[in-house]
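Here the structure is laid out as structure tokens; the discussion comes afterwards.
All of the numbers you see were taken from the coordinates with simple rules; none came from a lab. This structure is a prediction, so every number in the text was calculated from the model and none was measured. Here Cβ is always computed from backbone atoms with ideal geometry, including for glycine, and neighbour counts include all displayed protein chains.
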Amino acid sequence: MNILISGGSGFIGSNFIKYFFSKFNNFKIINIDKLSHSCEVDNLQEFKDNDQYEFIRGDFSNSELVENILNNHNPNYVINFAAESHVDKSILFPEEFIQTNILGTFKFLVSINNYFQNLKDSHKEEFKFVHISTDEVYGSLSSIADPFQEDDKYYPNSPYSASKASSDHLVRSFYKTYNLPTIVSNCSNNYGPYQSLEKFIPLIIFNALNKKNIPIYGNGKQIRDWLFVEDHCEAIIQILLKASPGEVFNIGGSNEFQNIDIAEMICNQLDSISPLVLDNNKTSYSSLITFTKDRPGHDKRYAVNSSKIKRMLGWEAKTKFEDGLRRTIDWYLNNKEWVNSMHGEKYIEWIKKQYQ
């Protein structure tokens, strides 16, 4: 059995490949990724000599390349992780998100559909295309509203979420129009090892350990539901192996916290692990927290109802947030070479410009 993965060297994709190989040994994974971040080449080095893993550097929108991969490897499943995914960056450079998340997904779908239509009936019956998306497509919730469900309308509020909403609609259209067996998942905020330093939790950890200001947008009362990346990976496996084509699943961690509370939790854990000393005085990392001008169009709250995937596939998040956060902090503390790679330097400069 072969699985083609697009964007498998990024944060969620690389964690998925590691997690998948810890559970199965009767599959081969083919990973196509353009490696837009310089450290991503190192995320899966442990599999470079593994016969069940093959990496192909390239863009998932390159139709000729993708069609050659499909014809050479005959995958039974395809998982699409490839996406631009940072809201701040989408505000500054929206065209990149249109190109990748909309046009790139469209071209990838065309290639996959051409391949699928030419499969033998027996192969068609087992084939699935799983598209990894986000809860941000639903827009913003009030503090008292019920979490989003799969049949709620889309109300994206940033170029990022609008581009992901568009990609979801494209995937659905290929299911309805061409009978391509697609499944869409919309996950809440992921956290864990290998996440880019531009993201909220890694940025707090990195800045705290380097005695830099910890930037918090607005009043810090925005609420997010946090999902440990390994729990997400398990949900994707259940979708891949059990779900029926045409379904949509929300994947949440049931861990809602205000942004300022997350920052305080990280600072408190770091205080106990590696106390901060400033001007020869011991102090808390929380003293580094600074409030900055709020993000344009900043969504107040994200939360999804995961009862459907629990009911239909038996999945629910297992990792307590405090435990997952400690595992995440420990990983960044123990992988300073990764953190200080060219990837880190590149984004440190970009982050500085955003929060000055």
Modelled label-to-label distance, Gln117 and Lys242, 7 Å Cα→beta-carbon offset: nm? 3.4 nm
Placing each pseudo-label 7 Å from Cα in the direction of the beta carbon, Phe24 and Glu64 end up separated by a distance in nanometres of 3.2 nm
Just to confirm the number: angle between the C-alpha axis of helix 229-242 and the first principal axis of the chain, 0 to 90 degrees, nearest 10? 20 degrees
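Please rank Met312, Met265, Met1, fewest neighbouring Cβ atoms within 10 Å first, as an exposure proxy. Display every interim value, and only then the final one.
Values: Met312 15, Met265 19, Met1 11.
Going from least to most buried by this count: Met1, Met312, Met265.
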Loop-resident trypsin sites (Lys or Arg not before Pro) in the range 130-184 with no more than 13 other Cβ atoms inside 10 Å, DSSP not H/G/I/E/B, are Lys153
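Among the trypsin sites (Lys or Arg not before Pro) within the range 260-336, which fall in a DSSP loop and have no more than 10 other Cβ atoms within 10 Å of their own Cβ?
Working: sites: Lys282, Lys293, Lys300, Arg301, Lys308, Lys310, Arg311, Lys318, Lys320, Arg326, Arg327, Lys336; in loops: Lys293, Lys300, Lys318, Lys320.
When the trypsin sites (Lys or Arg not before Pro) of the range 260-336 are filtered for loop state and at most 10 Cβ neighbours within 10 Å, Lys293 remain.
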Percent of all alpha-carbon pairs of the range 31-104 at distances over 21 Å, whole number, is 36 percent
For Ser143, put the label point 7 Å out on the Cα→Cβ axis and report which residues of the range 214-228 keep their amide N under 15 Å from it. 219-224
Note on the chain: contact order normalised by length, alpha-carbon pairs under 8 Å, 6 or more apart, percent, works out to 18 percent
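Is there a pair in Lys107/Lys128; Lys48/Lys318; Lys211/Lys293; Lys18/Lys89 whose C-alpha atoms are over 19 Å apart, and which pairs would that be? Don't skip to the answer; put the middle values down first.
Details: Lys107/Lys128 17 Å; Lys48/Lys318 30 Å; Lys211/Lys293 21 Å; Lys18/Lys89 28 Å.
Among Lys107/Lys128; Lys48/Lys318; Lys211/Lys293; Lys18/Lys89, the Cα-Cα distance tops 19 Å for Lys48/Lys318; Lys211/Lys293; Lys18/Lys89.
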Output needed for the chain: three equivalent-ellipsoid semi-axes, defined as square roots of 5 times the C-alpha gyration tensor eigenvalues, in descending order, whole Å. 34, 22, 19
